[in-house]
Amino acid sequence: MSELYFEDFYVGQTFHSVVTAKVTAEEIKEFGQKYDPQPFHLDEAAGEGSFFKGLAASGWLTAAIVMRLRVQSIQVVGGMIGAGVEEMRWTEPVRPGDTIRTEIEVAGVRQSTSRKDYGIVRTRTLAYNQRNEVVLRSTVNFLAPVKS
């Protein structure tokens with residue numbers, strides 16, 4: 001896969017995960033312990049008695065997994081530089097054993113007004129589990145360098 005410049009992106013362009021990510025109970029608990037220590041992210045029994053009715057990944061773990069899938073699937077020259085998240089929705093819990101994949105659509109492209117050597121790419125991302133249920137929906141902007 002070649003690295004992309006701003007000029008390589010266009011509205012309607014889609015990118016599908018080049019890999020998937022399988023989520024484990026250990027990963028859910030480790031992330032929860034370190035960054036989101038709530039009972040339903042740390043313990044199966046506590047999860048059973050919660051809103052989630054089982055161990056559930058932190059939404060922030062899901063977002064981090066989606067970010068990894070994004071940068072593996074869209075190779076931007078110099079790296080994908082974040083320029084803001086407009087929306088992020090967690091629509092279904094991610095559970096141990098789930099396999100996550102993404103579909104990313106370019107929703108807008110525009111030249112940066114403050115950095116003439118960069119353009120802004122607006123994307124809509126859907127993350128799915130193995131049952132094709134949407135687990136995360138987001139609108140994210142990133143910077144891509146203009147060809148010089």
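The values are calculated or read from the model by the stated rules, or taken from the named source; none is laboratory data. Keep in mind that this is a model prediction, so the values were computed, not measured. Note that we place each Cβ from the backbone using ideal geometry, even for glycine, and neighbour counts take in every protein chain shown. The accessibility values were calculated without ligands, DNA or RNA, using every heavy atom of the protein model including side chains. Shrake-Rupley method; radii C 1.70, N 1.55, O 1.52, S 1.80 Å.
If the segment from GLN75 to ARG115 were pulled out straight at 0.36 nm per residue, it would be longer than the present Cα-Cα gap by 12.4 nm.
Of interest is the spacing of the C-alpha centroids, which for segment 22-42 and segment 60-105 amounts to 18 Å.
Solvent-accessible area of the chain (1.4 angstrom probe, protein heavy atoms only): carbon and sulfur portion equals 52 percent.
Between SER148 and HIS16, the FRET efficiency estimated from the beta carbon spacing at R0 = 35 angstrom works out to 0.75.
Solvent exposure of the chain, expressed per residue, is 54 Å² of accessible area, with all protein chains present and a 1.4 angstrom probe. The sum of -39500 (n - 2.57) across all DSSP H runs of n ≥ 4, divided by the residue count of the chain, sets its helix-only mean residue ellipticity at 222 nm to -6500 deg cm²/dmol.
Nearest 10 degrees, 0 to 90: what angle lies between the long axis of helix 59-73 and the longest principal axis of the chain (Cα atoms)? Value to nearest ten degrees: 40. Computed from Cα positions, the angle between helix 25-35 and the longest principal axis of the chain comes to roughly 70 degrees.
Evaluated at q = 0.16, 0.18 Å⁻¹, a Debye calculation over the C-alpha positions of segment 7-96 (equal weights, vacuum) places log10 I(q)/I(0) at -0.74, -0.86.
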